[in-house]
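Asks: My questions all concern the structure below.
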Amino acid sequence: MFDIASQSFRGNFITTSGRLYENHKKSGNNASTIKISEHVWGYKFDGDRFGMELNFIYANNYRVPQVIREIGLDPSTVIIKASNGLDVKELKKEGLIGLQDKQIMMQWGMEAFTNPEVINNSISIIEKYNMFKNEFLNEFKSVNITLLKKLGLLPLISRVLNPQTNGVALQRANTYTYKTDKYSLSTAQKYHPGEFADQQHIWQATLGKELSIFTTHPATPLTQEGAKSISPGYWVGSGRLPHSVQDKNVNMTLYVLPARRGFMEKALLQFTHAYFPREIFHEVVIDNNYAFGRYGDVYVALIAKNPLKYREGSTDDLIQEGRETYWICEISTKDDEGSFESFIRRIKSNAVYYRNKKLQYTTNNILYQLEFGKDFCINGQKVETEYPRLDSPYGIVQRKPEIIELEFNGKKLYLDFYNMIRQELP
């Protein structure tokens, strides 16, 4: 509940996350938690979605702590750094690699099926319970070979072939969220740049319940029937992950695509795109490699490496061709910029430099530098992008904590999971 409260913008729980479908990230009215936001915080949405959240709403043995209610209504400008989950390489140290129920539930719960660390376990469990007929698992038949298993070669094969399915795993995300009373911007910092992906949603700008902005590398072409719900697909997830970083109101996202498809990769499209819906903005200006949007008093700029154009017949699908592409997103407001035209002039005057997979951007006398797969620097200083469980105005919590304490607006919450203690103060 704290994560929903702190990562939502005016009740819109659209933020960087491990699993997010097309409609859920394009509009807050379709988000999976709208009924929770209405029930707990009183926000109103146009959507009528109902799902598993009804189990929560109708439960009578849980009361939302008052501090979490307050956090969900907080209009102040905040930076929230958080860390969720484990990398596959961390599982062994945590005792979570193996065939015990809790180990398999962790491995498969994070959708790690074919990664070198777990592929032997996956084959063993699928074989034990005769699950090869399952549509999600039947491709394991191709590697269920006795000799390979006896010689212990499956992890090596996974490592060498690196199938697209290795990117399905939902691994540790270090998330950075910047929220004001006008907008929210969030990013999974340096999340496995260049690797395969599935439903991971890397960065997101949310301006209102009907307007969000993000970029992806499409994993499949757009069909005659539309985007469909295939995963990963045209809008869902990514084919290849970018190197994406954020500082306050600025996001830099760099894509470097290989020349050839990987093993089991459905397609390798040589472009990236942004969801930038012209008809929802109040004003839109596309000028070569710049895209500007005004939504009320909020101004958004996208700066690209290559020229931008809407896909033919579309008013929301902004295409950038090329194996190497970058997207710089900067958000501001009328209070800080004056007119929309002044904002456009200032952004166009900012220095942008790109060479050898290194991107530099200067705005408001701040120099941002990003090298693909390497460091993110601000004014020459390397930025640490690995976080504790929580680093925020509401509390600082280390990874794998025994105790969590949250505080805001004179309200406090104390959680001791090991001793089953929950206290609200005052």
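Asks: Provide a single number: the residues in segment 38-81 that are modelled with pLDDT under 95 and either outside any loop (DSSP other than H, G, I, E, B) or outside the structural domain of Lys182 (by TED's automatic domain parsing) (or both).
Replies: So the count comes out to 9.
Asks: Right, another one. Check Ala274, Ala301 and return the single one that is buried (at least 18 other Cβ atoms within 10 Å of the Cβ) and more than 16 Å from the chain's Cα centre (by Cα). Show your work before the answer.
Replies: Values: Ala274 fails: more than 16 Å from the chain's Cα centre (by Cα).
Testing whether each residue is buried (at least 18 other Cβ atoms within 10 Å of the Cβ) and more than 16 Å from the chain's Cα centre (by Cα) leaves just Ala301.
Asks: Now a separate question. Mind counting the residues in segment 263-297 that are farther than 14 Å from Ser212 by Cα, among the charged types (D, E, K, R) and modelled with pLDDT of 95 or more?
Replies: So the count comes out to 3.
Asks: If you don't mind, another one. Restricting to segment 178-196, name every residue that is touching a helix residue (DSSP H, G or I) at 6+ places or on another chain (Cβ under 6 Å) and either crowded, with 23+ Cβ neighbours inside 10 Å or in a strand (DSSP E or B) (or both).
Replies: The one that is touching a helix residue (DSSP H, G or I) at 6+ places or on another chain (Cβ under 6 Å) and either crowded, with 23+ Cβ neighbours inside 10 Å or in a strand (DSSP E or B) (or both): Phe196.
Asks: Do we find that Ala82 is out of contact with any strand residue (DSSP E or B) (no Cβ under 6 Å at 6 or more places or on another chain) and crowded, with 21+ Cβ neighbours inside 10 Å in this structure? Let's see the steps before the verdict.
Replies: Details: out of contact with any strand residue (DSSP E or B) (no Cβ under 6 Å at 6 or more places or on another chain): no; crowded, with 21+ Cβ neighbours inside 10 Å: yes.
Taking the combined requirement at face value, the residue does not satisfy it.
Asks: Output the residue which, of all residues in segment 8-28 that are farther than 15 Å from Glu53 by Cβ and part of a helix (DSSP H, G or I), is nearest to the chain's Cα centre (by Cα).
Replies: Lys25
Asks: Could you list, in sequence order, all residues of segment 8-54 that are surrounded by fewer than 19 Cβ atoms within 10 Å (Cβ to Cβ) and at positive phi?
Replies: Gly42
Asks: Looking at (1) outside any loop (DSSP other than H, G, I, E, B); (2) in contact with a Leu (Cβ under 8 Å, 6 or more places away or on another chain), which is the only condition Thr175 fails?
Replies: Of (1) outside any loop (DSSP other than H, G, I, E, B); (2) in contact with a Leu (Cβ under 8 Å, 6 or more places away or on another chain), only one is false for Thr175: (2).
Asks: A further question on this structure: So, in segment 1-42, exactly how many residues are of a type outside the set (A, V, I, L, M) and without any contact (Cβ under 8 Å) to a residue 40 or more places away in the chain?
Replies: We begin by selecting, within segment 1-42, every residue of a type outside the set (A, V, I, L, M); these are 2-3, 6-13, 15-19, 21-30, 32-33, 35, 37-39, 41-42.
After this cut, where a residue has to be without any contact (Cβ under 8 Å) to a residue 40 or more places away in the chain as well, the list is 13, 23-24, 30, 32-33, 35, 37-39, 41-42.
Of the residues in segment 1-42, 12 are of a type outside the set (A, V, I, L, M) and without any contact (Cβ under 8 Å) to a residue 40 or more places away in the chain.
Asks: Which residues, counting only those in segment 332-362, are out of contact with any Ser or Thr (no Cβ under 9 Å at 6 or more places or on another chain), among the hydrophobic types (A, V, I, L, M, F, W, C) and either free of Cβ contacts under 8 Å to residues at least 40 places away in the same chain or closer than 18 Å to Ile378 by Cβ (or both)?
Replies: The answer is Leu359, and nothing else.
Asks: OK, next. I'd like the full set of residues that are under 25 Å from the mean Cα position of the chain (by Cα) and exposed (fewer than 11 other Cβ atoms within 10 Å of the Cβ), limited to segment 382-426. Break it down stepwise before answering.
Replies: Keep residues of segment 382-426 that are under 25 Å from the mean Cα position of the chain (by Cα), which gives 382-401, 404, 406.
Within segment 382-426, Glu384, Lys400 meet the criteria.
Asks: Next question. Taking the stated definitions as given, is Pro393 modelled with pLDDT under 95 and of a type outside the set (Gly, Ala, Ser)?
Replies: Working: modelled with pLDDT under 95: no; of a type outside the set (Gly, Ala, Ser): yes.
So Pro393 fails the test.
Asks: What is the residue count in segment 335-372 for residues that are surrounded by 13 or more Cβ atoms within 10 Å (Cβ to Cβ), touching a Lys or Arg at 6+ places or on another chain (Cβ under 9 Å) and not hydrophobic (A, V, I, L, M, F, W, C)?
Replies: 7
Asks: Considering every residue within segment 156-171, establish whether at least one is touching a helix residue (DSSP H, G or I) at 6+ places or on another chain (Cβ under 6 Å), outside the structural domain of Asn23 (by TED's automatic domain parsing) and either part of a helix (DSSP H, G or I) or free of Cβ contacts under 8 Å to residues at least 24 places away in the same chain (or both).
Replies: yes
Asks: Can you say whether Pro218 is assigned by TED's automatic domain parsing to the domain that holds Ser17 and either buried (at least 22 other Cβ atoms within 10 Å of the Cβ) or among the acidic types (Asp, Glu) (or both), as far as the supplied structure shows? If you could, list the steps in order and put the result at the bottom.
Replies: Details: assigned by TED's automatic domain parsing to the domain that holds Ser17: yes; either buried (at least 22 other Cβ atoms within 10 Å of the Cβ) or among the acidic types (Asp, Glu) (or both): yes.
Answer is yes for this residue.
Asks: Tell me the helices (runs of 4 or more DSSP H) entirely within segment 82-153 that contain at least 1 residues that are farther than 19 Å from Val168 by Cα, in contact (Cβ under 8 Å) with a residue 12 or more places away in the chain and not assigned by TED's automatic domain parsing to the domain that holds Thr15. Walk me through how you get there before you give the answer.
Replies: On the way: elements: 101-109, 119-128, 146-150.
The qualifying helices (runs of 4 or more DSSP H) are 119-128, 146-150.
The values are calculated or read from the model by the stated rules, or taken from the named source; none is laboratory data. Quick caveat, the model's predicted, so the values are computed rather than measured. Note: ideal-geometry Cβ built from the backbone for every residue, glycine included; neighbour counts use all protein chains shown.
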